[in-house]
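All remarks here apply to the structure that follows.
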Amino acid sequence: MTDRSEMFDRLKGLIEPFNKKGTEVSEATTFAGDLEWDSLTVMDFVAEVEDSFDIIISMNLQAEIETVGQLVDAVTKLTAA
């Protein structure tokens with residue numbers, strides 16, 4: 001079981017290759033607004049997260065995740081299940 005800060009650090013590491021603008025990533029960072037990701041980038045990133053944590057993030061859950069903090073919560077919950 002990883003704690004929240006470890007999960008944030010792992011996800012931040014996964015975000016880096018997709019962070020073309022070099023945006024400072026925090027829990028409040030939004031994928032669409034701050035990182036300016038299009039749907040293809042989001043799909044590639046979600047696949048990376050799923051592979052890294054061996055989880056499946058449903059389309060419904062993806063639609064609810066707008067910030068890095070929300071992603072940390074979702075992945076933490078999915079990996080604990």
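The values are calculated or read from the model by the stated rules, or taken from the named source; none is laboratory data. For clarity, every value in this text was computed on a predicted model and none was experimentally measured. Here the Cβ is made from the backbone with ideal geometry for all residues, glycine too, and neighbour counts use every protein chain on show. Accessible surface areas use protein heavy atoms only, side chains included; no ligands, DNA or RNA. Shrake-Rupley method; radii C 1.70, N 1.55, O 1.52, S 1.80 Å.
Going through (1) in a loop (DSSP other than H, G, I, E, B); (2) within 20 Å of residue 81 (Cβ to Cβ) one by one, residue 32 falls short only on (2).
In the list 18, 31, which residue meets the criterion of being closer than 19 Å to residue 76 by Cα and aromatic (Phe, Trp, Tyr)?
That would be 31, the only listed residue that is closer than 19 Å to residue 76 by Cα and aromatic (Phe, Trp, Tyr).
Kindly indicate the residue of segment 36-80 that is open to solvent by 40 Å² or more (accessible area, probe 1.4 Å) and among the β-branched types (Val, Ile, Thr) and also nearest to the chain's Cα centre (by Cα) among those meeting that condition. It comes out as 42. Inspect segment 9-24 for any residue being of a type in the set (A, V, I, L, M, F, W, C), open to solvent by less than 90 Å² (accessible area, probe 1.4 Å) and part of a loop (DSSP other than H, G, I, E, B) and give the result as yes or no. Within segment 9-24, none of the residues are of a type in the set (A, V, I, L, M, F, W, C), open to solvent by less than 90 Å² (accessible area, probe 1.4 Å) and part of a loop (DSSP other than H, G, I, E, B).
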